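Trainee: Have a look at the structure that comes next, please.
The values are calculated or read from the model by the stated rules, or taken from the named source; none is laboratory data. Everything quoted here is computed from the prediction, not taken from an experiment. Because the Cβ atoms are built from the backbone with ideal geometry, glycine has one as well, and the counts that use them run over all protein chains shown. Heavy atoms of the whole protein, side chains included, go into the accessibility calculation; ligands, DNA and RNA do not. Shrake-Rupley method; radii C 1.70, N 1.55, O 1.52, S 1.80 Å.
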Amino acid sequence: MFSLLDRRGGLHTLVQRPGDTVAATLLRNAIPPNSVLTFCDESSIVADDHVLDPNRSYLAKLIEGYDIAGIRKLFESRDSSRPYVHRRLALAANGSLSMERTALDVPGVADRVATVVRETIDQFSLLRPTSSVVLGLSGGVDSGSLLMLLAAYRDAACPGLEIHAATFQDFDSKWSETFDFARGLAERHEVSHKVLEPGYAEDVFNLNRPIAQILMHLMETDDAHAAMYVDHHTTRRVLEVHADEVNSSTVALGLHTTDLLAGLLNSYTVGFDMSGIPARPVGPYDYVFPLAFVPKRELHLYYLHKTGHAPKQTEPNQWEFNPSDRNYLYYLADQLQWHWPGIETWMFTAHARRVAQQPPRFLKCENCGASVRDQPDSQDLWRGTCDVCEVLDKHGWVSR
Ligand SMILES: [Zn+2]
């Protein structure tokens, strides 16, 4: 027998399974282990990892002052009538909470995603009716979905909008299915599509060897943890240079809720400043993230509905599991959305307001030309190049 004693003296019997630890039992019952001390047979205190003995009784005493019974009720109701339940924790003006649940079939999720993206673009003025936008298109589920959503937005509300999809062929994309898929997708949705050859990055970054080779080499050095950052930075910078060529200053990326929430958690915990969400000025460019309020699962279902097939899960690059703190932030961002569905609406809006009060200053990298956000204590560290060019130069890959 395992019970919870709340602060009002209420005793609640918890569900337990043979072989469970104390922590597993608490989590199974939506109780954070940190909020209780657990007693065995009313005498000894047991650790979270203690495996329950079926012949003994356990009592978890709540040491926190909050209404845990009331909070657990929010998560109690069940609905499996349709493939997906969109949940949102609703906060009333008087502070009361309720869990909204909307059961949706797959077309219903796709409609929801399209509406959220349309509202995000309009509410945050992400696109101007006669402007043009460069879309970073890898051919994966996120950027592929964004292409379809931007094309739908153009057709419904913004006929003058020019969409320039661009695929940076940084690795093996030329031969991969995702590359063909990107091209087909752009064609089908009447979006211009350009492949940015790998030589592009060599020119922009003054490299003396192909970027694909550099990334592989980097994995064998002490800077292996920087490979993913180098990969992302070179792709973004190449997209910016391409934007210059098509006279656009807006770059749209398919970052979804988890991507951006993980970034925000990183910024809050490490202490560096991060620009806005879903609109982010970076030097002369406006980055926009129309998928900011679309959770990854809804994006997958949108994609499934529109293309008729599930996205092909490609094997992660060598550097995508490295470093592990980045993976952990993603994990945490998903956990947060589970416990507080809709938290992104609050966090991103609050962040945008905070950012608006302190317009960022940018430094310009003398090698790649990227704009780097000036961080509070970076003056002494700035040596004229961005941190990516610094790494590339350190290994002798910058040709001048
Ligand atoms: Zn640079």
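Trainee: Suppose all protein chains stay in the model; what accessible area per residue would a 1.4 Å probe give for segment 110-359, in Å²? Intermediate values should be presented prior to the final figure.
Mentor: On the way: 11610 Å² over 250 residues.
It amounts to 46 Å² per residue over segment 110-359.
Trainee: Mind giving me the FRET efficiency for Lys394 and Val51? R0 is 60 Å, r the Cβ-Cβ distance, nearest 0.05 is fine.
Mentor: For R0 = 60 Å, the calculated efficiency reads 0.75.
Trainee: In addition: If you bin every alpha carbon distance in segment 308-367 into 10 Å steps from zero, what whole percent lands in each bin?
Mentor: All Cα pairs, binned at 10 Å, distribute as 16, 23, 37, 22, 3 percent.
Trainee: If you put +1 on each Lys and Arg Cβ and -1 on each Asp and Glu Cβ, how big is the dipole of segment 2-74 around its Cα centre, in Debye rounded to 20?
Mentor: Charge dipole of segment 2-74: 300 debye, to the nearest 20.
Trainee: Can you compute the helix-only [θ] at 222 nm over the chain? Use -39500 (n - 2.57) per DSSP H run of at least 4 residues, normalise by all residues, nearest 500 deg cm²/dmol. Can you show the working numbers first?
Mentor: Working: 13 runs with 159 residues, N = 400.
About -12500 deg cm²/dmol.
Trainee: Suppose R0 equals 35 Å; then what is the FRET efficiency for Tyr268 and Thr221 from their Cβ-Cβ distance, rounded to the nearest 0.05?
Mentor: The formula returns an efficiency of 0.75 here.
Trainee: Which of rounded, prolate or oblate describes segment 205-284 when judged by the alpha-carbon gyration tensor and an a/c cut-off of 1.5? Spell out each step's value before the answer.
Mentor: Details: a/c = 2.35, a/b = 1.13, b/c = 2.07.
Oblate shape, in that a/c is at least 1.5 and b/c is the bigger or equal ratio.
Trainee: Can you give the net charge of the other residues whose Cβ lies under 13 Å from the Cβ of Trp382, counting K and R as +1 and D and E as -1? Don't skip to the answer; put the middle values down first.
Mentor: Working: positive: Arg361, Lys364, Arg373, Arg383; negative: Glu366, Asp374, Asp377, Asp380, Asp387, Glu390.
Taking every Cβ under 13 Å from that of Trp382, the sum is -2.
Trainee: Let me ask something else. Taking Cα centroids, how far is segment 318-390 from segment 105-157 in Å?
Mentor: Value for the Cα centre distance between the two parts: 23 Å.
Trainee: Less than 22 Å apart at the alpha-carbon level, and either on another chain or at least 8 residues along: which lysines does that give for Lys296?
Mentor: Lys306, Lys312
Trainee: Another question, then. Just the number, please: carbon plus sulfur as a percent of the accessible area of the chain, 1.4 Å probe, no ligands or DNA/RNA counted.
Mentor: On the way: 10540 of 20630 Å².
Its accessible area is 51 percent carbon and sulfur atoms.
Trainee: What is the magnitude of the charge dipole of the chain about its Cα centre, with +1 placed on the Cβ of each Lys and Arg, -1 on the Cβ of each Asp and Glu, and no other charges, expressed in debye to the nearest 20? Mind dumping the intermediate values first?
Mentor: Working: 38 positive and 51 negative charges, 249 e Å.
So the dipole magnitude of the chain works out to roughly 1200 debye.
Trainee: Tell me the per residue accessible area of segment 2-74 using a 1.4 Å probe; a whole number in Å² is fine. Don't skip to the end; give the middle numbers.
Mentor: Values: 4210 Å² over 73 residues.
Here the per-residue accessible area is 58 Å².
Trainee: What number comes out for the charge environment of Tyr287, summing +1 per Lys or Arg and -1 per Asp or Glu over other residues with Cβ under 10 Å away?
Mentor: Numbers: positive: Arg236, Arg280; negative: Glu240, Asp286.
Around Tyr287, the surrounding residues sum to 0.
Trainee: Using a simple charge model, +1 on the beta-carbon of Lys and Arg, -1 on the beta-carbon of Asp and Glu, nothing else, what dipole does segment 60-129 show about its Cα centre, in debye to the nearest 20?
Mentor: Working: 11 positive and 9 negative charges, 23 e Å.
Computed about the Cα centre, the dipole is about 120 debye.
Trainee: Projecting each Cα onto the charge dipole of the chain (Lys/Arg +1, Asp/Glu -1 at the beta carbon, about the Cα centre), which of Trp397, Thr235, Ala93 comes out farthest on the positive side?
Mentor: Highest projection toward the positive end goes to Ala93.
Trainee: Now for a different question. Mind checking which helices in the chain clear 15 Å along their axis (Cα) and have mean Kyte-Doolittle hydropathy of -1.0 or more, DSSP H runs only? Write down the numbers at each step before the final one.
Mentor: Working: long enough: 106-123 (25 Å, 0.15); 141-157 (23 Å, 0.81); 177-188 (16 Å, -0.63); 227-245 (27 Å, -0.71); 257-270 (19 Å, 0.69); 296-307 (16 Å, -1.18); 324-339 (22 Å, -1.10); 343-357 (22 Å, -0.18).
Membrane-span-like by this criterion, though nothing is claimed about a membrane: 106-123, 141-157, 177-188, 227-245, 257-270, 343-357.
Trainee: Please list, short to long, the whole-number percent of alpha-carbon pairs of segment 245-400 in consecutive 5 angstrom bins beginning at zero.
Mentor: All Cα pairs, binned at 5 Å, distribute as 2, 7, 13, 17, 19, 18, 13, 7, 4, 1, 0 percent.
Trainee: Give me the Debye-computed log₁₀ of I(q)/I(0) at q = 0.07, 0.13, 0.17 Å⁻¹ for segment 110-359, equal point scatterers on Cα only, no solvent, two decimals.
Mentor: -0.23, -0.85, -1.55
Trainee: Hey, which lysines would be in cross-link range of Lys73, C-alpha to C-alpha under 23 Å, not counting anything within fewer than 8 residues on its own chain?
Mentor: Straight-distance partners of Lys73: Lys61.
Trainee: Using a cut-off of 10 Å between beta-carbons, work out the net charge of the residues near Ala23 (Lys and Arg +1, Asp and Glu -1, Ala23 not included). Mind showing how you got there, number by number?
Mentor: Numbers: positive: Arg28; negative: Asp20, Asp48, Asp49.
Summing Lys/Arg as +1 and Asp/Glu as -1 gives -2.
Trainee: Let me ask something additional. When all alpha-carbon pairs of segment 2-74 are counted, what percent fall beyond 20 Å?
Mentor: Numbers: 511 of 2628 pairs.
That fraction is 19 percent.
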